[in-house]
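Student: Have a look at this one.
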Amino acid sequence: MEIGVQDLELLRNDETFLNALDARRIPDPTTAGDFCRRFLASDVEALIDAINEVRRRVWAEQPESFFDCATIDLDGTLVGTTGQCKEGMDIAYDGTWGYHPLVVSLAETGEVLSIVNRPGNRPSHEGAAREVNRSLVLCLEAGFRTVLLRGDTDFSQTQYLDGWNAIHKTRFLFGYDAVPTLVRKAEELPDHAWRRLTRPARYHVNTQPRRTPENVKARIVTEREYETLRLDSEDIAEFEYRPTACRQKYRMVVIRKNITKAKGEAALFDEVRYFFYITNEREWSADAIVFSANDRCHQENLHAQLKSGVRALRAPVDTLESNWAYMVMTALGWNVKAWWALSLPEPPGRWRDKYRQEKRWVLGLEFRSFVHAFVGLPCQVLRTGRKLVYRLLSWNPHLRVFFRLVETLNC
């Protein structure tokens, strides 16, 4: 459940909780912290490999369509701390003291494939290539037919692109810095190379559209004559480009954003900004490349769940490796939620589509909602016949899904 190290003191004195675990006692916070401090970097690596062994077994039970594509997202996130004596901490680009862990995740299920803890002043891409290779091996050996690597501009490490391109069934899509050479190349493209980019609606209205409410923020900005940037339109083009560190040319997709800088209701001047994406994907349209790159932003929601849901992205211990071990162990709670959903059966028949929809729903749940629906259930815990019996004392609409999994696991 969503607890921290200090919360163990409360749970270790909860008789009902101990009975539910069939345990006489659990460690106190000091012992738990000491356990984390015993981990070396090699021990954490071994723990990640052990978790991946279980992950493979869960994946092996999935339908054939599950293995169409594995999308691996990469990003770094800051973990601040008010401590002053934590080994390995440093100051980040925005003045935050703490750590800068790298998070590698699977977009289709939201699973955390690996976490690497680093000092706060380290760049996002440091150590990323090694974790990419680990995740590639994991997904390809599991049977995925295609693997797509995604990341922002920090992860377009050109010295590794040729190697990833040479791996069969591997595609990459990274943001690319708008360096002067690329900007000049984009500006030199003929007019017919550009076309207007039309983004799909964020959602489809199934009923009658409602009247749009007043935009209070926009009204205040206009009344007080704040300077603001307004996006007028977007154009898209593409060209071949070979980075200096590469031997092959790759597809470079560029977005030209036409922006107006305004003050109140008065337009000051127009501005053009370019955004670049490098990829070896040749079959997708340029629009699909951009939309997929934008979808990687969903990983920020995963970071939020790891910070405030399972509380994995925190630094309760006093060394770099011990906090790394804590992050990996606590993130396992989020992975168990994903495996819980993936273990829901999809038997053929009239209810198959409904069962698939329920699986997607559980995968998309926030951790707090998952705990309320399936974990924090009022039960009477009984010991009988050398086994524990959990007698549910109330009913909620989600127990039907819960009991389908119980039946599948033969609990």
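The values are calculated or read from the model by the stated rules, or taken from the named source; none is laboratory data. The structure presented is a predicted model; accordingly, all values stated were derived computationally and were not measured. Note that each Cβ is placed from the backbone with ideal geometry, even for glycine, and that neighbours are counted across all protein chains shown.
Student: For segment 116-169, what are the residues that are of a type outside the set (D, E, K, R), touching a Lys or Arg at 6+ places or on another chain (Cβ under 6 Å) and part of a helix (DSSP H, G or I)?
Tutor: Once the filter is applied, which keeps residues that are of a type outside the set (D, E, K, R), touching a Lys or Arg at 6+ places or on another chain (Cβ under 6 Å) and part of a helix (DSSP H, G or I), segment 116-169 yields only ALA142.
Student: May I pose another question? Quick check on segment 137-162: of everything there that is out of contact with any helix residue (DSSP H, G or I) (no Cβ under 8 Å at 6 or more places or on another chain) and within 29 Å of VAL58 (Cβ to Cβ), which residue is surrounded by the fewest Cβ atoms within 10 Å (Cβ to Cβ)?
Tutor: My answer is VAL137.
Student: Among the residues of segment 227-247, is any assigned to a loop (DSSP other than H, G, I, E, B) and over 30 Å from ASP162 (Cα atoms)?
Tutor: Residues of segment 227-247 that are assigned to a loop (DSSP other than H, G, I, E, B), as a first pass: 242-247.
From what's left, over 30 Å from ASP162 (Cα atoms): none.
No, every residue in segment 227-247 fails to be assigned to a loop (DSSP other than H, G, I, E, B) and over 30 Å from ASP162 (Cα atoms).
Student: I've got another one for you. With the condition kept exactly as written, say whether any residue in segment 342-363 is of a type in the set (Val, Ile, Thr), modelled with pLDDT of 90 or more and in contact with a Phe, Trp or Tyr (Cβ under 8 Å, 6 or more places away or on another chain). Spell out the reasoning first.
Tutor: So in segment 342-363, the residues of a type in the set (Val, Ile, Thr) come out as 362.
Those still in the list that are modelled with pLDDT of 90 or more too: 362.
Filter again for in contact with a Phe, Trp or Tyr (Cβ under 8 Å, 6 or more places away or on another chain), leaving 362.
Within segment 342-363, one or more residues are of a type in the set (Val, Ile, Thr), modelled with pLDDT of 90 or more and in contact with a Phe, Trp or Tyr (Cβ under 8 Å, 6 or more places away or on another chain).
Student: Taking the criterion of being of a type in the set (D, E, K, R), touching a strand residue (DSSP E or B) at 6+ places or on another chain (Cβ under 7 Å) and under 27 Å from TRP339 (Cβ atoms), would at least one residue in segment 20-28 satisfy it? It would help to see each step written out before you state the result.
Tutor: Filtering segment 20-28 down to residues of a type in the set (D, E, K, R) leaves 22, 24-25, 28.
Narrowing further to those that are touching a strand residue (DSSP E or B) at 6+ places or on another chain (Cβ under 7 Å): 22.
Retained after the next criterion (residues that are under 27 Å from TRP339 (Cβ atoms)): 22.
Yes, segment 20-28 has at least one match.
Student: Scan segment 256-294 residue by residue and report those that are among the β-branched types (Val, Ile, Thr) and either outside the structural domain of ASP232 (by TED's automatic domain parsing) or not in a strand (DSSP E or B) (or both). Give the steps one after another, and end with the answer.
Tutor: So in segment 256-294, the residues among the β-branched types (Val, Ile, Thr) come out as 259-260, 272, 278-279, 289-290.
Hits for segment 256-294 are ILE289, VAL290.
Student: While we're here: List every residue pair whose Cβ atoms sit under 9 Å apart, with the two residues 6 or more apart in sequence or on different chains, where the first one lies in segment 203-218 and is under 25 Å from ARG230 (Cβ atoms) and the second, anywhere, is surrounded by 10 or more Cβ atoms within 10 Å (Cβ to Cβ).
Tutor: Going by the 9 Å Cβ cut-off, the qualifying pairs are ALA218/THR228.
Student: Related question: Under the condition of being among the charged types (D, E, K, R) and over 26 Å from VAL104 (Cβ atoms), which residue from segment 147-197 is nearest to the chain's Cα centre (by Cα)? Even if it seems obvious, please write down each step before you answer.
Tutor: Start the filter on segment 147-197 by keeping residues that are among the charged types (D, E, K, R), which leaves 150, 152, 154, 162, 169, 171, 177, 184-185, 187-188, 191, 195-196.
Filter again for over 26 Å from VAL104 (Cβ atoms), leaving 184-185, 187-188, 191, 195-196.
Values: ARG184: 34, LYS185: 33, GLU187: 34, GLU188: 37, ASP191: 38, ARG195: 32, ARG196: 30 Å.
Selected residue: ARG196.
Student: Scanning for something within 21 Å of THR16 (Cα to Cα), surrounded by 12 or more Cβ atoms within 10 Å (Cβ to Cβ) and within 32 Å of the chain's Cα centre (by Cα), does segment 377-388 turn up at least one residue?
Tutor: Checked against the condition, which is being within 21 Å of THR16 (Cα to Cα), surrounded by 12 or more Cβ atoms within 10 Å (Cβ to Cβ) and within 32 Å of the chain's Cα centre (by Cα), segment 377-388 yields at least one hit.
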